[in-house]
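Beneath this line is the structure, given in structure tokens, with notes to follow.
The values are calculated or read from the model by the stated rules, or taken from the named source; none is laboratory data. Note that the structure is a prediction, hence the values are computed from the model and not measured. When we count neighbours, we look across all protein chains shown, and the Cβ atoms used for this are built from the backbone with ideal geometry, even at glycine. Note: accessible area is taken over every heavy atom of the protein model, side chains too, but ligands, DNA and RNA are not part of it. Shrake-Rupley method; radii C 1.70, N 1.55, O 1.52, S 1.80 Å.
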Amino acid sequence: MKSKDFYVNGLRKRAVSQAFSGAVKTYEGQALVHRRAARSLAGKIEALPLAPNPTVMEIGCGTGLLTESLTALFPQARLLATDLSPAMAAHCARRLEGPNRTFLVMDGEAPALNCAADLIASSLAVQWFSDLGGGLRGLMECLRPGGAFAFVTLGEETFCQWRDALKHLGFPAGTPDYPSKNALAGMLEGLGGIEVEEERLDQVFPSSLDFLKSLKDLGSHLPRSGYRPLTPGALRKAMGYLDAKAGGNGVAMTYHLLRAVIRKG
């Protein structure tokens with residue numbers, strides 16, 4: 001990686017960490033889709049042919065939505081729950097501390113320890129990787145043979161209503177470039193046995209302002225790198241267009257979820 005890229009990515013990671021640290025108190029009140037995504041991923045994990053007490057590493061534990069399910073599925077397992085945000089990792093530790101459970105501040109793209117996990121799990125965190133394909137491949141190196149990496153991330157149709165409104169008005173969108181199902185499968189090719197599923201969930205907000213506020217409350221409001229935010233006037237125009245189009249019935253926003261399981265041979 002060139003030094004300039006390292007510097008830019010470092011600033012980006014710091015901004016992501018600060019955004020999520022600032023959302024600790026508001027996150028769970030807005031995490032309706034995130035809670036459902038974690039439950040769905042836990043169901044996939046429960047069906048995996050793992051040993052009764054696997055060594056488990058979680059990437060992006062947040063407030064513990066998936067962590068809670070992992071501790072229920074594997075109560076005697078050794079669990080390492082990690083997050084880029086110190087405040088999130090500390091909050092998750094306070095909620096779920098127990099024997100054989102370690103909570104660590106760590107960048108999932110740069111594992112800070114020599115790990116040998118039977119299961120790596122992550123719910124709605126890897127979309128913040130600077131290099132999604134490279135980060136996923138790096139985590140596969142932390143798996144023991146026969147282990148599994150199960151994660152859910154965001155797909156290309158996420159917030160399509162907001163992006164379509166901006167496009168209609170001639171404004172650029174700051175939504176990160178999330179992959180399609182086929183693109184994600186392509187990133188994972190050659191890593192082992194792969195299964196990729198997709199699901200679309202709509203969350204309805206009273207207004208476009210409530211939608212944008214929810215992103216900040218989740219710590220998810222940072223736009224893609226290099227994006228120049230809209231002027232206040234342009235933002236008001238986009239919000240007004242979306243609210244008028246909804247006709248007072250609430251503004252629906254799509255979460256495009258991609259669930260993947262990789263089995264290491």
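A few notes on this one:
- Rounded percent of accessible protein surface that carbon and sulfur make up, segment 11-65, 1.4 Å probe: 52 percent
- A dipole drawn for the chain from +1 and -1 charges on Cβ atoms has a positive end, and of SER225, GLY155, LEU235 the residue lying farthest that way is LEU235.
- Accessible surface ranking for LEU132, LEU218, LEU32, 1.4 angstrom probe, highest first: LEU32, LEU132, LEU218.
- Where segment 1-91 is the region considered: accessible area per residue in Å², 1.4 Å probe: 50 Å²
- Surface accessible to a 1.4 Å probe, HIS256 within the full protein complex, Å²: 0 Å²
- Accessible area per residue (1.4 Å probe, heavy atoms of protein chains only) ranks ASP164, ASP107 as ASP164, ASP107, with the largest value leading.
- In terms of accessible area, using a 1.4 Å probe and ignoring ligands and nucleic acids, ARG144, ARG14, ARG259 rank largest first as ARG14, ARG144, ARG259.
- Compared with the alpha-carbon gap, the fully stretched path from VAL105 to GLU189 is longer by 27.3 nm at 0.36 nm per residue.
- Of all accessible heavy-atom area on segment 160-254, the percent that carbon and sulfur account for (1.4 Å): 52 percent
- Here segment 25-115 is assigned +1 on the Cβ of each Lys and Arg and -1 on the Cβ of each Asp and Glu. Its dipole about the Cα centre then comes out at about 260 debye.
- Counting DSSP beta bridges with both ends in the chain, the antiparallel % (nearest 5): 50 percent
- The modelled label-to-label distance between LYS216 and LEU32, using points 7 Å beyond Cα along the C-beta direction, is 2.0 nm.
- In the context of the full set of protein chains, residues of segment 111-246 present 48 Å² of accessible surface per residue (probe radius 1.4 Å, heavy atoms only).
- The share of Cα pairs per 10 Å bin across segment 131-265, counted from zero up to the longest distance, runs 11, 36, 28, 17, 7, 1 percent.
- Gain on full stretching of the segment that runs from ARG14 to ARG236 - 0.36 nm per residue minus C-alpha separation: 77.0 nm
- Measuring r between the beta carbons of GLU141 and ALA244 and using R0 = 41 Å, the FRET efficiency lands at 0.20.
- Cα-centred dipole magnitude for segment 89-147, charges only on beta-carbon of K, R (+1) and D, E (-1), debye, nearest 20: 240 debye
- Whichever aspartates and glutamates have a C-alpha closer than 19 Å to that of LYS237, once near sequence neighbours (fewer than 8 apart) are set aside: ASP164, ASP210
- Estimated D of the chain in µm² per second, where Rh is the Kirkwood radius over Cα pairs and Stokes-Einstein applies at 10 °C, 1.306 mPa s: 83 µm²/s
- About the centre of its Cα atoms, segment 122-265 shows a dipole size close to 340 debye [charges on the beta carbon of Lys, Arg (+1) and Asp, Glu (-1) only; nearest 20 debye].
- Percent carbon-and-sulfur accessible area, segment 72-113, ignoring ligands, DNA and RNA, probe 1.4 Å: 54 percent
- GNM result for the chain, Cα springs below 10 Å: residue of PRO176, PRO99, PRO75 fluctuating most strongly: PRO99
- Note on segment 184-224: Cα-only Rg and Dmax are 16.2, 44 Å.
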